[in-house]
Amino acid sequence: MPESRRVPFFDYPRLYTSQGKEMMGVMNELLSRGAFIMQKDLREFEESFAEFVGSKHAIGVGNCTDGLQLALMGCGIQRGDEVILPSHTFVATAGAVNAVGGVPVVVDSGADHMIDPSTIESAITDKTKFLMPVQLNGRVAEMDPIMKLAEKRGLTVVEDAAQGLGASYKGKKAGTFGKAAAFSFYPAKLLGCFGDGGAVVTDDDDVATNIRAMRDHGRNAEGRIAQWGINSRLDNLQAAILNHQMKAYPDTIEHRRKLAARYHAGLSDIAGLHLPPPPDSDPNHWDVFQNYEIESDRRDELKTYLADHGVGTLIQWNGQPVHSIKELGVRGEAPNTTRIFQRCLLLPMNQLLSEEDVDHVVAVIRELYGVA
Ligand SMILES: *Cc1c(COP(=O)(O)O)cnc(C)c1O
């Protein structure tokens with residue numbers, strides 16, 4: 001019998017309480033300065049974030065969904081343009097396309113749950129203008145064939161890198177492949193703030209200037225209204241919190257990779273499970289494990305059994321990949337994604353977990369499968 005232990009899927013209070021004293025200090029200092037909107041803390045965060053990602057510009061925005069909209073607008077999306085994206089993503093990816101007048105079209109995912117490049121070409125029509133790979137679960141998609149296809153067919157690539165901060169493919173980091181990319185700082189994301197937050201990155205000076213103005217009512221660097229815009233600024237308070245989180249981020253990634261390796265060592269001999277590729281198993285991929293998404297032949301039973309033993313799990317997107325949401329009527333086919341969603345489950349994976357927590361989850365799963 002595994003010992004009794006509670007492993008919540010994500011312990012939201014501990015995001016703060018695990019570093020409450022320092023965070024109080026950061027917030028108190030900033031609030032006492034009255035530095036609420038677009039102050040030096042935001043500029044500092046944008047600089048260090050761009051440097052970490054390896055892009056020329058980073059622009060803090062209200063959340064990743066706004067960031068995707070601003071990225072598409074900044075890259076010149078027109079009403080009716082079709083945008084290809086994987087069905088295995090948050091509805092936000094498709095929703096951002098829809099919100100700026102585009103038409104989302106979904107394609108399938110492969111064995112590693114990333115967009116399957118071989119399903120993209122047949123989804124391209126005369127109206128297709130953008131390709132939006134999703135750097136899912138802390139892994140970068142197979143970007144060589146994707147970029148090659150985009151070039152051949154004249155498509156602009158905008159990455160949904162909400163789950164990809166720090167992950168790389170052939171040494172190149174998520175967010176640096178396309179014309180622009182957006183990241184999320186939702187609390188449970190890799191780099192979480194205390195509310196909503198996001199950033200857009202790009203190497204293109206004109207796209208950056210355009211997005212920088214658009215996120216602040218269309219105001220240019222001199223503060224004059226130069227174009228239409230919206231209000232989607234990253235709060236200065238969140239930027240200061242993120243500046244603080246950023247310092248520990250390399251350790252966060254190392255810790256997540258260590259936990260992933262531990263899950264793999266503990267579960268890889270169970271025949272009914274399909275696991276994510278373990279760290280360092282493929283020299284082309286450096287994964288940061290936003291999530292640990294397994295497949296199980298007894299998924300629903302496993303989810304209940306884990307819950308009964310104090311372990312929180314999640315079926316990603318509440319079990320609704322984009323093509324399955326009938327109310328939205330998004331075009332495209334994704335049979336392998338349908339199969340994945342009969343089997344997939346997110347095990348607890350975050351920087352607040354200990355190796356003992358992972359050992360407990362492993363022991364409960366082994367018990368259900370009846371392996372010693
Ligand atoms: C979380 C997430 C988003 C949305 O991010 P927000 O900051 O909450 O808007 C978009 N795409 C993916 C893949 C995500 O995981």
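Over the chain, calculate the relative contact order: mean separation of alpha carbon pairs under 8 Å at least 6 apart, over the residue count, as a percent. Walk me through the intermediate numbers first.
Working: 793 pairs, mean separation 85.7, N = 372.
Answer for the chain is 23 percent.
Let me check something: with ligands and nucleic acids excluded, how do L31, L306 order by accessible area (1.4 Å probe), largest to smallest? List each step's numbers first, then the result.
Numbers: L31 80, L306 0 Å².
Output order, biggest surface exposure first: L31, L306.
In whole Å, how far is the Cα centre of region 309-372 from that of region 60-122?
Comparing the Cα centres of region 309-372 and region 60-122, I get a distance of 22 Å.
Per DSSP helix of 4 or more residues, -39500 (n - 2.57); summed, then divided by the residues of the chain. What does that give at 222 nm, rounded to the nearest 500?
Details: 12 runs with 140 residues, N = 372.
Calculated mean residue ellipticity at 222 nm is -11500 deg cm²/dmol.
With a 1.4 Å probe and all protein chains left in place, how much accessible area per residue does region 98-243 have, in Å²?
On a per-residue basis, region 98-243 sits at 37 Å².
Taking the Cβ of V140 as the centre, find all other residues whose Cβ is under 13 Å away and add up their charges (Lys, Arg: +1; Asp, Glu: -1).
Around V140, the surrounding residues sum to -3.
Once the whole set of protein chains is in place, how much accessible area is left on M349, using a 1.4 Å probe, in Å² to the nearest 10?
Solvent-accessible area, nearest 10 Å²: 10 Å².
For region 175-227, give the percent of accessible area contributed by carbon and sulfur heavy atoms, probe 1.4 Å, rounded to a whole number.
On the way: 950 of 2070 Å².
Its accessible area is 46 percent carbon and sulfur atoms.
Around T128, which amide H atoms from residues at least 5 apart in sequence, or from another chain, sit under 5 Å from its own amide H, with H modelled in the peptide plane?
Sorted by chain and number, the residues that satisfy this are E82.
Looking at this model, which pairs from K170/K303; K127/K189; K56/K258; K258/K303 are more than 25 angstrom apart at the alpha-carbon?
Details: K170/K303 35 Å; K127/K189 33 Å; K56/K258 31 Å; K258/K303 23 Å.
Long pairs (Cα-Cα over 25 Å): K170/K303; K127/K189; K56/K258.
Sorted by mean Cβ packing within 10 Å, highest first, what order do the peptides 173-179, 282-288 take? Don't skip to the answer; put the middle values down first.
Details: 173-179: 24.6, 282-288: 18.1.
Order by mean packing, descending: 173-179, 282-288.
How much accessible area does D126 have with a 1.4 Å probe, in Å² rounded to the nearest 10?
About 150 Å², ignoring ligands and nucleic acids.
Ordering K127, K189 by how much accessible area each has at a 1.4 Å probe, largest first, what is the list? Please list the in-between numbers first.
Details: K127 120, K189 40 Å².
Output order, biggest surface exposure first: K127, K189.
V362 accessible area, nearest 10 Å², 1.4 Å probe?
Answer for V362: close to 20 Å² accessible.
Largest first, how would L352, L267 line up by accessible area (1.4 Å probe)?
Values: L352 25, L267 0 Å².
Listed by decreasing accessible area, they come as L352, L267.
Please calculate how many Å² of accessible area region 279-372 carries per residue, with a 1.4 Å probe and no DNA, RNA or ligand atoms counted.
Numbers: 4120 Å² over 94 residues.
Roughly 44 Å² per residue, with all protein chains present.
Give the residue from V158, Y369, L346 lying farthest towards the positive end of the charge dipole for the chain; charges sit on Cβ (+1 for Lys and Arg, -1 for Asp and Glu) and the dipole is referred to the Cα centre.
Toward the positive end, the furthest listed residue is V158.
How much length is gained if the chain between K127 and S281 is pulled fully straight, taking 0.36 nm per residue apart and subtracting their Cα-Cα distance, in nm to one decimal?
Values: separation 154, 0.36 × 154 = 55.44 nm, distance 3.86 nm.
Net length gain for the segment: 51.6 nm.
Could you list which residues have their amide H under 5 Å from that of A180, counting only those 5 or more apart in sequence or on another chain, with H placed in the peptide plane?
E159
Taking the simple approach of a point 7 Å from Cα along Cα-to-Cβ for both S324 and S354, what is their distance in nm?
3.5 nm
At a Cα cut-off below 19 Å, give the lysines reachable from K129, other chains included and same-chain residues fewer than 8 away excluded.
K148, K152, K179
How large is the dipole of region 96-182 about the Cα centre if only Lys and Arg carry +1 and Asp and Glu carry -1, each at its Cβ, rounded to the nearest 20 debye?
Working: 10 positive and 10 negative charges, 67 e Å.
So the dipole magnitude of region 96-182 works out to roughly 320 debye.
State whether region 1-152 is rounded, prolate or oblate according to the following rule on the C-alpha gyration tensor (a ≥ b ≥ c being the square roots of its eigenvalues): a/c under 1.5 gives rounded; otherwise a/b larger than b/c gives prolate, and the remaining case gives oblate. List each step's numbers first, then the result.
Values: a/c = 2.45, a/b = 1.44, b/c = 1.70.
Here region 1-152 falls in the oblate category.
Which one of I146, G319, G101 is farthest out on the positive end of the charge dipole of the chain, using unit charges on Cβ (Lys, Arg +1; Asp, Glu -1) and the Cα centre as origin?
Comparing the listed Cα positions along the dipole, G101 ranks first.
Could you work out the local net charge near G74, counting Lys and Arg as +1, Asp and Glu as -1, over the other residues with Cβ closer than 13 Å to its Cβ? Let's see the in-between values first.
Working: positive: K179, R212, R215; negative: D66, D203, D204, D205, D206.
Charge balance in the 13 Å sphere: -2.
For region 1-147, with the dipole built from +1 on Lys and Arg beta-carbon atoms and -1 on Asp and Glu ones, taken about the Cα centre, which of S18, V61, S32 lies farthest toward the positive end?
The residue sitting farthest along the positive end of the dipole is S32.
Give the carbon-plus-sulfur fraction of the accessible surface of region 244-372 in %, rounded to a whole number; probe 1.4 Å, heavy atoms of protein chains only. List each step's numbers first, then the result.
Working: 2940 of 5690 Å².
About 52 percent, which is the carbon plus sulfur part of the accessible surface.
The values are calculated or read from the model by the stated rules, or taken from the named source; none is laboratory data. Computed from a predicted structure; not experimentally measured. All Cβ positions, glycine included, derive from the backbone under ideal geometry; neighbour counts span all protein chains shown. Areas reflect the complete protein model, heavy atoms only, side chains present, ligands, DNA and RNA absent. Shrake-Rupley method; radii C 1.70, N 1.55, O 1.52, S 1.80 Å.
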